[in-house]
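For reference, the structure discussed in these notes is given below.
The values are calculated or read from the model by the stated rules, or taken from the named source; none is laboratory data. Bear in mind the structure is a predicted one, so any value in this text is a computation, not a measurement. Cβ placement follows ideal geometry from the backbone for every residue including glycine, while neighbour counts extend to all protein chains displayed.
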Amino acid sequence: MQFIPSRTSSRLGACALLAVLSIGLHSTAFAQWKWRDGKGHVQYSDIPPPGSIAEQDILQRPAGAARRAPMQGTTPAEATPAAAAASGPKLVDPDLEAKRRKTEQDDAAKRKAEEEKLAAVRAENCTRAKGQLKTLEDGIRMARTNANGEREILDDKGRADETKRTRDIIASDCK
């Protein structure tokens, strides 16, 4: 009689082999940090301790992790936890930083385009107001349409009011 392995044992063997391979490939995922916090408690984590933790309080680090260098111009005794916190490791994702810079540049470009558009509108208003003021000061007979759609000729009071309004526009838009 010949022994034929069952499908179940073949599948079980393949799963076990796959599990062993995946553990071997992802050994860096088990990298652990171990340090003693300010209260004396031992902490474990897969991310580095905060910058306020002194170098001598770091009990274990992953194999590839480098030791922190003391600040230049100071001895290790002078490197206080506050100074270490200020110069602690900066965990910045380069892609996230690039997206943030891109967004800031886009916002700045939009603001600049809006400012240029507003400046063009002001320049156009200034030109029109100067032309209107010249016409008003020349004394040429002028008419305008009122709210009822009727045509009205400007008298001296209307001309003075229109001249004042035009000068206010020039003062605000012709800077």
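Tabulated data for the structure shown
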| quantity | calculated |
| --- | --- |
| Residue match in the stretch 92-101 (condition: at pLDDT 60 or above and part of a loop (DSSP other than H, G, I, E, B)) | yes |
| Any hit, the stretch 127-134, residues being touching a Leu at 6+ places or on another chain (Cβ under 6 Å), at pLDDT 80 or above, more than 25 Å from G38 (Cβ to Cβ) and β-branched (V, I, T) | no |
| Residue list for the stretch 93-127, filter: within 15 Å of K175 (Cα to Cα) and among the small types (G, A, S) | A119, A120, A123 |
